[in-house]
Amino acid sequence: DSGVTQTPKHLITATGQRVTLRCSPRSGDLSVYWYQQSLDQGLQFLIQYYNGEERAKGNILERFSAQQFPDLHSELNLSSLELGDSALYFCASSVEGVERTPGNTIYFGEGSWLTVV
Amino acid sequence: GESVGLHLPTLSVQEGDNSIINCAYSNSASDYFIWYKQESGKGPQFIIDIRSNMDKRQGQRVTVLLNKTVKHLSLQIAATQPGDSAVYFCAETLTGRRALTFGSGTRLQVQP
């Protein structure tokens, strides 16, 4: 158990709908990352937050958004869903951003399986 | 499912043999590298890391080698066990600049 909690574990929804994925980082971790893992793209970095503020943005679509709340949990909002959005979405956390402090390990959650039908 | 059924290169080894998993990274400026293991139905798990001022680092049964000249990273697993069967990803970053970028992954299958 990495200490990173993601909900829901599985989600099936229809095209055009909107879903919210939730992540609770490890206790004490200030940095949260979201990654998408799909069939043909591997692990793609979406976005990173540090202590409530956006720190880095990757290949995140405009239909997707995220935020980190004062209690440090994070939510990833996916809207106007398309079939191609079906993927495993991972949240990860670290004490500080690993890009700022090498050796600061990132811990991944078990992921949220999203199926768009 | 296993890593969402990615179409990955597969390395098949016999139990007890040594395994070598390779990774070519993209950014010559990257200065920090990590290997992750992803088992079926689980998130990536940290195995070992290395900074660019080193070319070799050893852990328990694992060794990471870094060749910056050709932008190549390898993970060596000694005495491979069935529990090592998983997908292995390398990841890179540049200190102070950006979040981790993952490679495409290699599936390791250990034959008993």
Listed residues B:Pro9, B:Pro82; which is surrounded by fewer than 14 Cβ atoms within 10 Å (Cβ to Cβ), touching a strand residue (DSSP E or B) at 6+ places or on another chain (Cβ under 6 Å) and within 14 Å of another protein chain (Cβ to nearest Cβ)?
-> B:Pro9
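Those residues that are touching a His at 6+ places or on another chain (Cβ under 9 Å) and either assigned to a strand (DSSP E or B) or modelled with pLDDT of 95 or more (or both), I need them from segment B:23-82; list them, please. Quick ask: steps written out before the conclusion?
In the first step, residues of segment B:23-82 are kept if they are touching a His at 6+ places or on another chain (Cβ under 9 Å); the result is B:23-25, B:65-66.
Passing the criteria: B:Cys23, B:Ala24, B:Leu65, B:Leu66.
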Report, by residue number, each residue of segment B:85-112 that is away from chain A (no Cβ under 14 Å) and not β-branched (Val, Ile, Thr).
-> B:Ser85, B:Leu108, B:Gln109, B:Gln111, B:Pro112
Consider A:Phe45 carefully, then state whether it is under 30 Å from B:Thr106 (Cβ atoms) and of a type in the set (Phe, Trp, Tyr).
-> yes
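In this structure, does B:Gln38 turn out to be closer than 29 Å to A:Gly3 by Cβ and within 14 Å of chain A (Cβ to nearest Cβ)?
Values: closer than 29 Å to A:Gly3 by Cβ: yes; within 14 Å of chain A (Cβ to nearest Cβ): yes.
Yes, satisfied.
What residue, of A:Asn104, A:Asn51, is under 21 Å from B:Thr93 (Cα atoms) and more than 10 Å from chain B (Cβ to nearest Cβ)? Quick ask: steps written out before the conclusion?
Values: A:Asn104 fails: more than 10 Å from chain B (Cβ to nearest Cβ).
Sole residue among the options that is under 21 Å from B:Thr93 (Cα atoms) and more than 10 Å from chain B (Cβ to nearest Cβ): A:Asn51.
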Of the residues that make up segment B:26-45, is at least one buried (at least 17 other Cβ atoms within 10 Å of the Cβ), touching a strand residue (DSSP E or B) at 6+ places or on another chain (Cβ under 6 Å), free of Cβ contacts under 8 Å to residues at least 24 places away in the same chain and on the phi < 0 side of the Ramachandran plot?
-> yes
Within the set of pairs 6 or more residues apart or between chains, which connect a residue that is more than 13 Å from chain B (Cβ to nearest Cβ) inside segment A:21-35 to a residue that is in a strand (DSSP E or B) and charged (D, E, K, R) with Cβ atoms less than 9 Å apart?
-> A:Leu21/A:Glu75; A:Arg22/A:Glu75
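The values are calculated or read from the model by the stated rules, or taken from the named source; none is laboratory data. Note that the structure is a prediction, hence the values are computed from the model and not measured. All Cβ positions, glycine included, derive from the backbone under ideal geometry; neighbour counts span all protein chains shown.
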